[in-house]
Amino acid sequence: MAFFNVAHLHISFGGLKAVNNISFDVQRNEIFSIIGPNGSGKTTIFNLISGIYRPDEGRIVLEGENMVGKTPDRIARKGIARTFQNIELFANATVMDNLMLGRHIHMRTGIFGGAFMFGSRSRAAREEVAHREKVERIIDFLELQSVRDQFVGGLAYGKRKLVELGRALAMEPKVMLLDEPSAGMNTEEKDDLTIWIKDIRDDFQVTILLIEHDMNMIMGISDRVLAMNQGREIIQGAPGEVQRHPEVIKAYLGE
Ligand code: ADP
């Protein structure tokens, strides 16, 4: 069985079939992209995978374990991390603190010092050091050292996006769901982001599911692509093959 497998996923809202019989397999360390016009069901797939919605039908399986019916928190602990289309970082907290929040799912003791009341102080302190070391590695990797103690709210957009990726990475995920990470970026920033995402895949050994509009980025980054329209699959396969499909061309040109 594939590392990550989605099979016959369905969900309707009222009469609208937002996701209509979607299936795909993703191999470990692949970058798998989902494309399609607005309203085609891409974000709904992410909401299903991360447990925000429960499918009417279908399976979502990570390393042989079905995720359907688990809470979003449990799914995150199983190793599926998510970033959002609109940045949801804590603007009035530092880069370091935002990344430490990404570690909270691995903390037995809670982030606000509960351990000092219930556990041994030294154990809590040791855990804290271990978490900080993991976050420091991410800060180094993403070249955020110079801004590590700055408030996120004051950072340039591209840097905030990196912090967002960093926070997801701090969860030590097996799978990262990236929802339009290049939204609002210029061409140069998109090129940089493409390199960052590939480096993250290679260095942290994560599997990446990506929702993206920018066709250049899709072509440059994806191992495989699923193209959707109105909840259904148009085609899935290698990026070049998907890009040449007449229905994809039509959907993208908006004819
Ligand atoms: P995309 O991400 O491809 O732009 P979405 O997954 O956001 O598309 O939406 C697919 C369709 O499902 C849209 O028609 C949207 O309005 C609808 N939809 C998504 N979530 C809900 C919801 N919670 N309630 C009602 N309709 C929804």
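The values are calculated or read from the model by the stated rules, or taken from the named source; none is laboratory data. Computed from a predicted structure; not experimentally measured. Virtual Cβ from ideal backbone geometry, glycine too; neighbours counted across all protein chains shown.
So here's what we get for this one:
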{"quantity": "Selection within segment 108-135 - of a type in the set (Ser, Thr, Tyr) and at pLDDT 80 or above", "calculated": "SER122"}
{"quantity": "Any hit, segment 35-51, residues being in contact with a His (Cβ under 6 Å, 6 or more places away or on another chain) and not charged (D, E, K, R)", "calculated": "no"}
{"quantity": "Enumeration of residues in segment 213-242 that are under 23 Å from the mean Cα position of the chain (by Cα), farther than 30 Å from MET171 by Cα and without any contact (Cβ under 8 Å) to a residue 60 or more places away in the chain", "calculated": "ILE235"}
{"quantity": "Residues (of a type in the set (A, V, I, L, M, F, W, C) and without any contact (Cβ under 8 Å) to a residue 12 or more places away in the chain) located in segment 243-255", "calculated": "ILE249, LEU253"}
{"quantity": "Filtered residues of segment 155-169 (kept if among the small types (Gly, Ala, Ser), in contact with a helix residue (DSSP H, G or I) (Cβ under 7 Å, 6 or more places away or on another chain) and surrounded by fewer than 19 Cβ atoms within 10 Å (Cβ to Cβ))", "calculated": "GLY158"}
{"quantity": "Sole exception among (1) assigned by TED's automatic domain parsing to the domain that holds ASN21; (2) surrounded by 13 or more Cβ atoms within 10 Å (Cβ to Cβ); (3) in contact (Cβ under 8 Å) with a residue 40 or more places away in the chain for GLY64, by number", "calculated": "(2)"}
{"quantity": "Candidates GLU172, GLU143, filtered to the one that is over 16 Å from the mean Cα position of the chain (by Cα) and surrounded by fewer than 17 Cβ atoms within 10 Å (Cβ to Cβ)", "calculated": "GLU143"}
{"quantity": "Test: residue in segment 80-91 that is surrounded by 15 or more Cβ atoms within 10 Å (Cβ to Cβ), out of contact with any His (no Cβ under 9 Å at 6 or more places or on another chain) and at pLDDT 95 or above", "calculated": "yes"}
{"quantity": "Hits in segment 178-235 - residues which are basic (Lys, Arg), outside any strand (DSSP E or B) and at pLDDT 95 or above", "calculated": "LYS198, ARG201"}
{"quantity": "Residue, farthest from the ligand (Cβ to nearest atom), within segment 16-75, restricted to residues that are closer than 20 Å to ILE197 by Cβ and among the basic types (Lys, Arg)", "calculated": "ARG28"}
{"quantity": "Segment 200-212 residues that are over 13 Å from LEU142 (Cα atoms), paired with ones that are of a type in the set (Ser, Thr, Tyr) (beta carbon under 6 Å, 6 or more apart)", "calculated": "LEU210/SER33; GLU212/SER33"}
